[in-house]
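Right, one structure below, let's go through it.
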Amino acid sequence: MNAAGPGVFMAIHTIIEPFRIKTVEPIRWTTRAEREQLLRAAHYNLFLLPAEDVLIDLLTDSGTGAMSTRQWAAMMEGDESYAGSKSFDRFRESVQGIFGYKHVIPTHQGRAAERILFGVMCKKGDVVPNNTHFDTTRANIEFVGAEAVDLPIGEAREPACVHPFKGNMDVTGLEQLIERVGRQHVPLVMMTITNNSGGGQPASLENMRAVSAVCRRHGIPLYLDACRFAENAYFIKLREPGYESKTPKEIAREIFRLGDGCTMSAKKDGMANIGGFLCTNDDVLAQQEKNLLILTEGYPTYGGLAGRDLEAIAVGIEEALEEDYLRYRIVSTAYLGKHVADQGVPIVQPPGGHAIYLDARAFLPHIPQEQFPGVALAAELYLEGGIRSVEIGTLMFGAAAKMDLVRLAIPRRVYTQSHIDYVVEVILEVWRRREQIRGLKLTYEAPFLRHFTAHLEPA
Ligand SMILES: *Cc1c(COP(=O)(O)O)cnc(C)c1O
């Protein structure tokens, strides 16, 4: 991995994993013949594979990270008191130190924070703009009868287009939307950092400042979907003029000062295996949110989590902002993207923070959209090397899908460079024999969220 960071002796260019390994979890090899059989038994849907039959699991970066010695040590300090737990105080202090909001409400994961936020703020007929809504965010908005509107910049819709801040929101589009539907129908604006559904792409501070100014002018609160706030802050340090010498923590604080609150999944940049939270500066909303929290999540000092989980998150959000970690994180994701793209493999450019997205329509142009090129490619990566990825395309969204992508999400602090070198080799091998890959057809689909349980077979 190339790119020396500050503090590294200048003649040395190799980026290493900034940790040593204290506990190991064996991963299991399977033979190609076994994988052929396993794939048939899973009906060519990698969600249906037992995890132990996967060698390198890039299905998601959510809740799959490795915790540090400091996190495990903090977990032993977990105070499991029902009310007034000391772990909650530490959790709140840590969250406030970075996010800066007055009220911190723990939840069992990000979608619970979303459900409570939209349950309190939105009603039927409302419209909630976002750069791009994540699928649980959209579902929770639609569940209360409101409309979720995506307003990414135009560049975000073209996989091959390179732009430093493809996660930016279309500010003119936002103004026009507010104008068209009326301020009274826009209870809040959201901004997702980084933009997960848009390829893990960051938003710039300049753009967030412009969005925030529009919101202030209309008196509309701005909330951040902060799941990958640390990765977004580091991209700003690398790419936005004026932020080179700021720390990721300073940048994160500046981002959150632009908003009125946030939702967070601690399974991403919280570096924890479970958890989330909801923040707001609004006293009245906070009270309503806590009332809802007690109904389904738990008492406000634990919110569906154990005291030890609160401890792990309190340490995790700090570790996610460490520069050595972020440099390794961003460079290693880019390393995977660069090594396959250099050989002609079509990917969403530039590489995002947490994942590389293969463009399956460009990879397999001979497979029509209705034969699921993304699912076929994901199946082939498993067959070739035991790698699990996920299709984001026609199986997930139906015929209206704008792209057929295969996402390779990198769990935090889990795999080393040699694992990634192996993934590169497997992708390139599949690339070499791409013309032999065949499409698939559906044999079973559920009435909603069909990608989780669908059955397929060769077309
Ligand atoms: C994962 C995620 C969520 C939902 O969080 P969960 O912890 O999975 O419920 C919301 N928004 C974004 C951008 C995410 O990546």
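Values as computed for the structure displayed
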item: Qualifying residue in the stretch 442-451 (condition: open to solvent by less than 40 Å² (accessible area, probe 1.4 Å) and outside any loop (DSSP other than H, G, I, E, B)); result: yes
item: Positions within the stretch 120-161 being open to solvent by less than 20 Å² (accessible area, probe 1.4 Å) and more than 30 Å from Y234 (Cβ to Cβ), in sequence order; result: C122, D126, V127, A146
item: Yes/no for N273 being in contact (Cβ under 8 Å) with a residue 24 or more places away in the chain, within 16 Å of the ligand (Cβ to nearest atom), open to solvent by less than 50 Å² (accessible area, probe 1.4 Å) and under 23 Å from D324 (Cβ atoms); result: no
item: Tally of residues being touching a residue at least 60 places away in the same chain (Cβ under 8 Å) and open to solvent by less than 10 Å² (accessible area, probe 1.4 Å) across the stretch 217-228; result: 4
item: Close pairs (7 angstrom Cβ cut-off, 6 or more residues apart or separate chains): over 19 Å from T333 (Cβ atoms) and open to solvent by 10 Å² or more (accessible area, probe 1.4 Å) in the stretch 229-258, among the hydroxyl-bearing types (S, T, Y) and in a helix (DSSP H, G or I) anywhere; result: L258/S212
item: Residue ID - surrounded by the most Cβ atoms within 10 Å (Cβ to Cβ), chosen from residues in the stretch 63-103 that are of a type in the set (S, T, N, Q) and touching a helix residue (DSSP H, G or I) at 6+ places or on another chain (Cβ under 9 Å); result: S87
item: Selection status of E155, more than 16 Å from the ligand (Cβ to nearest atom), assigned to a helix (DSSP H, G or I) and under 23 Å from M403 (Cβ atoms); result: yes
item: Some residue of the stretch 411-425 being of a type in the set (A, V, I, L, M, F, W, C), crowded, with 16+ Cβ neighbours inside 10 Å, farther than 30 Å from P18 by Cβ and touching a helix residue (DSSP H, G or I) at 6+ places or on another chain (Cβ under 9 Å); result: no
item: Test: residue in the stretch 291-301 that is closer than 30 Å to T416 by Cβ, open to solvent by 30 Å² or more (accessible area, probe 1.4 Å), in contact (Cβ under 8 Å) with a residue 60 or more places away in the chain and within 16 Å of the ligand (Cβ to nearest atom); result: no
item: Test: residue in the stretch 162-182 that is away from the ligand (no atom under 16 Å from the Cβ), modelled with pLDDT of 95 or more, among the hydroxyl-bearing types (S, T, Y) and open to solvent by 20 Å² or more (accessible area, probe 1.4 Å); result: yes
item: Matching option when the condition is within 28 Å of G200 (Cβ to Cβ) and in a loop (DSSP other than H, G, I, E, B), among G63, G84; result: G63
item: Contacts under 6 angstrom Cβ, first residue in the stretch 94-110 being of a type in the set (D, E, K, R), partner more than 16 Å from the ligand (Cβ to nearest atom) and in a loop (DSSP other than H, G, I, E, B), 6 or more apart; result: K102/N281
item: Selection status of I193, away from the ligand (no atom under 15 Å from the Cβ), open to solvent by less than 10 Å² (accessible area, probe 1.4 Å), assigned by TED's automatic domain parsing to the domain that holds E155 and in contact with a Lys or Arg (Cβ under 9 Å, 6 or more places away or on another chain); result: no
item: Hey, P351 open to solvent by 10 Å² or more (accessible area, probe 1.4 Å) and part of a loop (DSSP other than H, G, I, E, B) or not; result: yes
item: Inter-residue pairs, beta-carbon under 8 Å, first farther than 16 Å from M264 by Cβ and among the charged types (D, E, K, R) and in the stretch 188-216, second away from the ligand (no atom under 16 Å from the Cβ) and outside any helix (DSSP H, G or I), 6+ apart; result: E206/E240; R209/L258
item: Cβ pairs under 6 Å, 6+ apart, first in the stretch 129-143 and near the ligand (Cβ under 10 Å from one of its atoms), second outside any helix (DSSP H, G or I) and at pLDDT below 90; result: T132/S197; T132/G198; F134/N196; F134/S197
item: Filter pass, S265 being open to solvent by less than 20 Å² (accessible area, probe 1.4 Å) and within 12 Å of the ligand (Cβ to nearest atom); result: yes
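The values are calculated or read from the model by the stated rules, or taken from the named source; none is laboratory data. Just so it is clear, the structure is predicted and the values come from calculations on it, not from any experiment. Backbone-built Cβ (ideal geometry, glycine too); neighbour counts: all protein chains shown. Ligands, DNA and RNA are stripped out before the accessible areas are found, and what is left, the full protein with its side chains, is counted by its heavy atoms. Shrake-Rupley method; radii C 1.70, N 1.55, O 1.52, S 1.80 Å.
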